[in-house]
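Below is one structure; the comments refer to it alone.
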Amino acid sequence: MQNLDWKNLPFGYVKTDYNVRCTFKDGKWGNLEVSESEHINIHMAATALHYGQEAFEGMKAYRGKDGKIRLFRWDENAKRMQHSAEGILMEKVPMDLFHEAVVKAVKLNERFVPPYGTGASLYVRPLLFGSGAEVGVRPAKEYMFVVFVTPVGPYFKEGFNPVKIAIVRDSDRAAPLGTGTFKVGGNYAASLRGVAKAHDAGYGSPLYLDTKEKLYIDEIGAANFFAIKDNTYITPKSSSILVSITNKSLIQLAEDLGLKVERRPVAVDELDTFEEVGACGTAAVISPIGEINDIDAGKVYKYCKNGKPGPVSTKLYETLVGIQYGELEDKHNWVTIVE
Ligand SMILES: *Cc1c(COP(=O)(O)O)cnc(C)c1O
């Protein structure tokens with residue numbers, strides 16, 4: 001195994017041995033190729049570079065107690081990438097090609113899958129983009145699908161602790177009938193100003209509101225929002241948020257634990273009434289929220305008043321992470337062992 005300081009790895013890029021690539025050309029997908037290069041040779045008129053025809057996914061491979069490597073709900077990532085492809089008129093990556101590419105990229109870089117017990121994991125980044133040359137605004141005829149991997153450390157270096165976020169009211173991530181439900185690079189470009197604003201004010205992430213009325217909660221940076229109140233798991237329903245696979249999983253686990261689940265518009269005004277608030281996504285699973293500062297409205301909401309994440313968030317977090325590392329029973333068949 002590669003010798004790295006696993007526990008202190010950042011969420012950043014570390015070079016691994018191989019990546020895999022596949023090109024769609026002349027109406028069909030070619031063979032999956034293995035590359036040792038970190039670079040892609042791309043046409044300067046590729047639609048990805050000019051018109052943002054690009055989508056990506058993010059998932060993790062975990063080494064379990066038994067030494068085996070596990071993927072978590074890879075099929076959901078594959079389906080979501082197809083949804084993103086449909087959203088910006090790209091060629092879809094077939095499910096079996098997605099699976100083969102992810103498994104190959106993980107296996108070829110097995111020495112970078114962090115050891116069990118370090119809290120680290122192997123981040124898997126599939127990406128799809130228009131590589132064909134066009135100058136007029138239209139979809140490309142050629143696409144490239146790439147999967148690379150990079151080891152990442154535990155998200156919470158000092159343990160599962162509350163974070164602070166800020167409501168950003170002067171920039172939007174995605175429009176209601178725009179590309180918010182697709183995992184496309186353009187949404188991330190659009191979010192950079194909001195992220196910078198939150199960081200400059202000393203907060204970890206921006207909380208975006210609905211773009212039309214600024215009355216409802218959309219997302220927290222690149223993570224979904226959830227709240228706990230009266231034994232109920234509440235998460236926003238909106239036409240501009242990206243459906244998080246972590247959120248879907250937490251909804252199921254909440255039901256398993258006997259909580260009620262509400263997927264509905266969540267008003268900013270309700271923030272005062274929540275017992276627990278969190279952000280969820282692959283990177284951290286759950287980031288418990290300790291403070292939300294509505295800077296422009298001059299209002300601060302506080303949670304985790306004893307400095308600790310709430311009991312429901314903690315239980316959900318431990319259950320999901322336990323399934324991912326193979327410590328808890330995988331009742332819903334979410335885990336695939338890489339063989
Ligand atoms: C990727 C992403 C998420 C998190 O989704 P997961 O599938 O849980 O990793 C949430 N919001 C946005 C905008 C995202 O891009």
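The values are calculated or read from the model by the stated rules, or taken from the named source; none is laboratory data. It should be emphasised that the depicted structure is a prediction, and the values quoted were computed from it without experimental measurement. As a convention, Cβ positions derive from the backbone with ideal geometry for all residues, glycine included, and neighbour counts pool all protein chains shown.
Tabulated data for the structure shown
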| quantity | calculated |
| --- | --- |
| Matching residues, segment 142-171, being touching a residue at least 60 places away in the same chain (Cβ under 8 Å), part of a loop (DSSP other than H, G, I, E, B) and out of contact with any Leu (no Cβ under 7 Å at 6 or more places or on another chain) | E142, P154, Y155, F156, K157, F160, N161, P162, D170 |
| Set L49, L128, L71: member being assigned to a strand (DSSP E or B), over 30 Å from N3 (Cβ atoms) and either under 16 Å from the mean Cα position of the chain (by Cα) or in the same structural domain as V14 (by TED's automatic domain parsing) (or both) | L128 |
| Evaluation of I228 against (1) crowded, with 21+ Cβ neighbours inside 10 Å; (2) under 15 Å from the mean Cα position of the chain (by Cα) (one fails), failing number | (2) |
| Filter result for the condition that a residue is part of a helix (DSSP H, G or I) and in contact (Cβ under 8 Å) with a residue 60 or more places away in the chain, over K65, K107 | K107 |
| Counted residues, segment 214-261 - those being of a type outside the set (V, I, T) and not in a strand (DSSP E or B) | 24 |
| Condition met for S244 (within 18 Å of H83 (Cα to Cα), touching a Pro at 6+ places or on another chain (Cβ under 8 Å) and within 13 Å of the ligand (Cβ to nearest atom)) | no |
| Residue match in segment 293-316 (condition: within 16 Å of the ligand (Cβ to nearest atom) and over 20 Å from R169 (Cα atoms)) | yes |
| Condition met for F72 (touching a residue at least 60 places away in the same chain (Cβ under 8 Å), within 25 Å of P154 (Cα to Cα) and surrounded by 20 or more Cβ atoms within 10 Å (Cβ to Cβ)) | yes |
| Top-ranked residue of segment 262-281 - restricted to ones that are in a loop (DSSP other than H, G, I, E, B) and farther than 21 Å from Y203 by Cβ, ranked as nearest to the ligand (Cβ to nearest atom) | P265 |
